[in-house]
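Undergrad: Below is the structure I would like to discuss, written out as structure tokens.
The values are calculated or read from the model by the stated rules, or taken from the named source; none is laboratory data. Here the structure is a predicted model, which means the values were calculated and not measured. Please note: Cβ atoms are built from the backbone with ideal geometry, for glycine as well, and neighbour counts cover all protein chains shown. We work out accessible area using only protein heavy atoms, side chains counted, and drop any ligands, DNA or RNA first. Shrake-Rupley method; radii C 1.70, N 1.55, O 1.52, S 1.80 Å.
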Amino acid sequence: MAIKRRDGIVIYDSNADFAGMRKAGKVAAECLDYIAPYVQPGVTTGELDDLCRDFMVAKGAVPACMGYHGYPKNTCISINHVICHGIPDNERKLVDGDILNIDVTAIVDGWYGDTSRMYYCGKPKIKASRLCEVTYECLMRGIDVVKPGAHFGDIGYVIAEYAHKYGYSVVDMFCGHGVGKVFHDAPNVMHIANKGTGPVMEEGMIFTIEPMINIGRPDGIILQNGWTAVTRDKSLSAQFEHSLGVTKDGYEIFTSSPKGMDKPPYKIG
């Protein structure tokens, strides 16, 4: 049974509660595997959203995004210079060279499995594919520091260190978050931070790491729809996200791809 502890962060049971997160995370990850073949020129983001919804519902899951604080769709689909929270519609058709993030959260038995990946539509430009490669590595480097006794600031430190090495910037207007029985909870997981700062990790904590990395400046603006964030300088942005839990001696990722499709390009078939 989960209990509240220091700094308002929920400490979950790493046996019973982690089992619930494994189920929710698996459905979310399977959804992102399933959608990969449909990311093709001419397909609308609305069609992709419908496919993801149908997949989650067929698995007995509830799409968490629909209706969340008034959000109108089942997923977030963010293309090219959209940092996050792109709202799917039936107007925007994918074109060759687009890069896009698809973000899904599946609720299974009250547990929230939250994850996102980048996708290529056709053949991306080299600068776009390199951004995606570096962003994925930022995510995994952030995950690799997770263990009891580490500080949450350690995550942001290694992410920013790696991104800056390539001349990229780290978005600081959004962050990772606690997850589990609640969609968004404490702690805030910053993707740019100082080593040794922030709360100390304990076994049983569950949260997301979801770095957003820009080719240009880190600044973003929110569009009039109140949700969608875009880069102010219109530079490309990329993001990957996993939900994970702190174990006795490290971490467990709940949203890894069952098919090994954790980063593009994806082998379909």
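Undergrad: Evaluate the charge dipole of the chain about its Cα centre and quote only its size in Debye, nearest 20, assuming +1 on the Cβ of each Lys and Arg and -1 on the Cβ of each Asp and Glu. Spell out each step's value before the answer.
TA: Values: 28 positive and 32 negative charges, 80 e Å.
Approximately 380 debye in magnitude.
Undergrad: Given 10 Å bins starting at zero, what is the percent of C-alpha pairs of the stretch 112-269 in each, up to the one with the largest pair distance?
TA: 11, 39, 36, 13, 1
Undergrad: A further question follows. If you put +1 on each Lys and Arg Cβ and -1 on each Asp and Glu Cβ, how big is the dipole of the stretch 189-269 around its Cα centre, in Debye rounded to 20?
TA: For the stretch 189-269, the charge dipole is close to 380 debye.
Undergrad: Using Cα pairs under 8 angstrom and six or more residues apart, how large is the relative contact order of the chain, in percent? Let's see the in-between values first.
TA: On the way: 701 pairs, mean separation 61.1, N = 269.
RCO, the chain: 23 percent.
Undergrad: Rounded to the nearest 20 Debye, what is the dipole magnitude of the stretch 1-96 about its Cα centre when Lys and Arg each give +1 and Asp and Glu each give -1 at the C-beta?
TA: The calculation lands at about 460 debye.
Undergrad: State the percent of C-alpha pairs, over all pairs in the stretch 12-67, separated by a distance greater than 13 angstrom. List each step's numbers first, then the result.
TA: On the way: 986 of 1540 pairs.
Beyond 13 Å sits 64 percent of the P(r) for the stretch 12-67.
Undergrad: Here is a further query. Let me test this: with uniform point scatterers at the alpha carbons of the chain, what is the Debye-based log₁₀ I(q)/I(0) at q = 0.08, 0.11, 0.13, 0.15 1/Å?
TA: One equal scatterer on each Cα of the chain leads to -0.28, -0.55, -0.79, -1.07.
Undergrad: Let me ask another. Please state the Cα pair-distance histogram of the stretch 96-147 with 10 angstrom bins from zero: what percent is in each bin?
TA: P(r) over the stretch 96-147, rounded to whole percents: 22, 37, 31, 10, 1.
Undergrad: Where the centre of each part is set by its Cα atoms, how far does the stretch 120-179 sit from the stretch 17-40, in angstrom?
TA: 21 Å
Undergrad: Considering the dipole of the stretch 1-143 built from charges on the beta carbon (Lys and Arg +1, Asp and Glu -1) around the Cα centre, which of 64, 35, 138 is farthest to its positive end?
TA: The listed residue farthest towards the positive side: 138.
Undergrad: Can you run phi through the Karplus equation (6.51, -1.76, 1.60; θ = phi - 60°) for the stretch 10-16 and list ³J(HN,Hα) in whole Hz, with x for Gly and Pro?
TA: Those phi angles translate into 6, 9, 9, 6, 6, 9, 5 Hz.
Undergrad: Residue 157 accessible area, nearest 10 Å², 1.4 Å probe?
TA: 80 Å²
Undergrad: Same structure again: Scan the stretch 1-80 for trypsin sites (Lys or Arg not before Pro) in coil per DSSP, keeping those whose Cβ has at most 13 other Cβ atoms within 10 Å, and list them by number. Walk me through the numbers on the way to the answer.
TA: Values: sites: 4, 5, 6, 22, 23, 26, 53, 59, 73; in loops: 5, 59, 73.
Sites meeting the loop and neighbour criteria: 5.
Undergrad: Let me ask something else about it. Charges on Cβ only, +1 for Lys and Arg, -1 for Asp and Glu, centred on the Cα centroid of the stretch 175-269; of 182, 268, 213, which one is farthest towards the dipole's positive end?
TA: Most positive-ward Cα: 268.
Undergrad: How compact is the stretch 172-248 by the rule of thumb for globular proteins, expressed as Cα Rg over 2.2 N^0.38 Å? Don't jump to the answer; show the numbers that get you there.
TA: On the way: Rg = 14.3 Å, N = 77, 2.2 N^0.38 = 11.5 Å.
Cα-based Rg divided by the globular estimate yields 1.25.
Undergrad: Let me ask something additional. Read phi for every residue in the stretch 133-140 and hand back ³J(HN,Hα) as whole Hz from Karplus 6.51 cos²θ - 1.76 cosθ + 1.60, θ = phi - 60°, with x for Gly and Pro.
TA: 4, 5, 5, 4, 5, 4, 4, 5
Undergrad: Which pairs break 19 Å Cα to Cα here: 73/263; 127/165; 59/267; 23/263; 234/267? The partial results should precede the final answer.
TA: Numbers: 73/263 24 Å; 127/165 15 Å; 59/267 23 Å; 23/263 21 Å; 234/267 30 Å.
Cα-Cα > 19 Å for 73/263; 59/267; 23/263; 234/267; rest within.
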